[in-house]
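Novice: Take a look at the following structure, please.
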Amino acid sequence: MHASLASCPAAVGGPIFIIGPMGSGTTLLRLMLDSHPHIAIPPETGFMRAYKAHRFVPFKITGRGWARRLGWSDDELDGLLRDLYDTLFMRYAEQHGKRRWGEKTPLHTWHIDAMARLFPDARFVGIVRHPGGVVSSNMRRWKHPQVKAMRHYDRYARELARQAARRPKRFAVLRYEDLVLQPEPVMRELLEWLGEPWADEVLAHDEVQASRGGRRVVEGRTVVDDPIDVSRIAKWAQRLDARERQRLDERLGRLGAFFGYRTDDPSVLEPIAGEGRIVATGADLRARTEAFADLDLKTRPTPPVYDELYNPTKLMVIPVERFRRLREQARPAPPQPLWRIAGARAKRRARRLLRR
């Protein structure tokens, strides 16, 4: 018997926020939870970037604190924005006959502090995947170079671990592989922690989603009525060549080990949750953070520029065409043939030699 996740709950009934690296299974988890009779989680919105724009009007030097100049405190503005977003998402939930809403956007990994402040009763569900699976997926789907795909995983997985450790009672963390291999035990633990009753529909998400409008492609190029596919777990091992796997191990091997993965064997899943559980809590990750002190997971990684406040003293916007021209101008000129840079006298001599 394993200990119940509900032994470390937050307040039940608040919004559910799914976060994690892009390509880690966030959409699959969204579709499964959205199939529950009580929970509605729409396609991702990225609404927290809009929240930041309310706090600092983009690209206006005096954009910070505009509401304070009207006599509104930061807490009062948050109250208004909380009501706004709760109204937007609750109407969506009610239209689908649900009583609780959630949201899934990978980039919200960088907005957890604000989300936790804005919604004090919210729960966060982080999902991770073997670094090879995420890197291979993003290289294939979005044509990202391996270096870019590895940087994405490194930053997002580190921030997820840091935030989970900081909020042990508000965070649950699961692995894509566990969800695919053991969907019922994982979802039972997760729903118990969320304070929701078991529902068979979460295991038939493909049928539930298909009944709402046929075959649809949603975020991440996911098809809503695709069933769980166990074969996807290890496909990355065939897609990455030997050199790419070596780079993966050098860059992400230790971070993968933090989440129980081995880069030399995708089938290995070492436990990361305590007391016989499959789904980890923030407390579990806090303990692992101490054991993996060399990773420095208490330090916040540098967030993507898109998820910072748009301070015009630090950022600027330029048209795409101008950016392309500047990029072309910055590239070194290709080497010129010797005959193009030689003097006239040397060219005449070369011609005479060629005619002989």
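Novice: I need the full set of residues from region 19-29 which are crowded, with 24+ Cβ neighbours inside 10 Å and within 13 Å of residue 174 (Cα to Cα), in order please.
Specialist: 19, 20, 21, 24, 25, 26, 29
Novice: Have a look at 178, 154 and point out the one that is of a type in the set (Asp, Glu), closer than 26 Å to residue 100 by Cβ and modelled with pLDDT of 95 or more.
Specialist: Selected residue: 178, the only one of 178, 154 that is of a type in the set (Asp, Glu), closer than 26 Å to residue 100 by Cβ and modelled with pLDDT of 95 or more.
Novice: If you don't mind, there's one more thing I want to ask. Hey, can you tell me all the residues within region 200-239 that are surrounded by fewer than 17 Cβ atoms within 10 Å (Cβ to Cβ), of a type in the set (Gly, Ala, Ser) and in contact with a Pro (Cβ under 8 Å, 6 or more places away or on another chain)?
Specialist: The answer is 234, and nothing else.
Novice: Just to be sure I understand, how many residues within region 139-149 are surrounded by fewer than 23 Cβ atoms within 10 Å (Cβ to Cβ) and part of a helix (DSSP H, G or I)?
Specialist: Total meeting the criteria: 7.
Novice: When you go through 110, 66, 72 one by one, which is the residue that is within 27 Å of residue 164 (Cβ to Cβ) and aromatic (Phe, Trp, Tyr)?
Specialist: Values: 66 fails: within 27 Å of residue 164 (Cβ to Cβ); 72 fails: within 27 Å of residue 164 (Cβ to Cβ).
Of 110, 66, 72, the one residue that is within 27 Å of residue 164 (Cβ to Cβ) and aromatic (Phe, Trp, Tyr) is 110.
Here's the yes/no breakdown for (1) under 18 Å from residue 109 (Cα atoms); (2) surrounded by 10 or more Cβ atoms within 10 Å (Cβ to Cβ); (3) in contact (Cβ under 8 Å) with a residue 12 or more places away in the chain:
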{"site": "291", "(1), (2), (3)": "no, no, no"}
{"site": "294", "(1), (2), (3)": "no, no, yes"}
{"site": "305", "(1), (2), (3)": "yes, no, no"}
{"site": "313", "(1), (2), (3)": "no, no, yes"}
{"site": "324", "(1), (2), (3)": "no, yes, no"}
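Novice: When you go through (1) out of contact with any helix residue (DSSP H, G or I) (no Cβ under 7 Å at 6 or more places or on another chain); (2) closer than 28 Å to residue 153 by Cβ; (3) among the polar types (S, T, N, Q) one by one for residue 313, which number turns out not to apply?
Specialist: Every listed condition holds for residue 313 apart from (2).
Novice: Considering only region 38-66, state which residues are in a loop (DSSP other than H, G, I, E, B), touching a helix residue (DSSP H, G or I) at 6+ places or on another chain (Cβ under 7 Å) and surrounded by 16 or more Cβ atoms within 10 Å (Cβ to Cβ). Let's see the steps before the verdict.
Specialist: Pass one, region 38-66, residues in a loop (DSSP other than H, G, I, E, B): 38, 41-46, 57-63, 65-66.
Now narrow it down to the ones that are touching a helix residue (DSSP H, G or I) at 6+ places or on another chain (Cβ under 7 Å): 41-44, 46.
Passing the criteria: 41, 42, 43, 44.
Novice: Same structure again: What are the residue pairs meeting all of these: first residue in region 257-278, first residue among the charged types (D, E, K, R), second residue at pLDDT 95 or above and not in a loop (DSSP other than H, G, I, E, B), Cβ atoms under 9 Å, and 6 or more apart or on different chains?
Specialist: Partner pairs satisfying both residue conditions: 262/253; 262/256; 264/245; 264/249; 264/253; 270/257; 277/189; 277/284.
Novice: Just the residues that are surrounded by 21 or more Cβ atoms within 10 Å (Cβ to Cβ) and either aliphatic (A, V, I, L, M) or without any contact (Cβ under 8 Å) to a residue 60 or more places away in the chain (or both), please, taken from region 94-114.
Specialist: Quick first cut of region 94-114, residues surrounded by 21 or more Cβ atoms within 10 Å (Cβ to Cβ) only: 100-106, 108-112.
Passing the criteria: only 112.
Novice: Give the number of residues within region 285-320 that are hydroxyl-bearing (Ser, Thr, Tyr) and part of a loop (DSSP other than H, G, I, E, B).
Specialist: The number of residues fulfilling the criteria is 4.
Novice: Picking from 249, 178, which residue would you name as being outside any loop (DSSP other than H, G, I, E, B), in contact (Cβ under 8 Å) with a residue 60 or more places away in the chain, of a type in the set (D, E, K, R) and more than 15 Å from residue 36 (Cβ to Cβ)?
Specialist: On inspection, the qualifying residue turns out to be 178.
Novice: Can you tell which of 17, 59, 47 is aromatic (Phe, Trp, Tyr) and at pLDDT below 95?
Specialist: Numbers: 17 fails: at pLDDT below 95; 47 fails: at pLDDT below 95.
That would be 59, the only listed residue that is aromatic (Phe, Trp, Tyr) and at pLDDT below 95.
The values are calculated or read from the model by the stated rules, or taken from the named source; none is laboratory data. Because the structure is predicted, anything quoted here is derived from the model rather than measured. Here the Cβ is made from the backbone with ideal geometry for all residues, glycine too, and neighbour counts use every protein chain on show.
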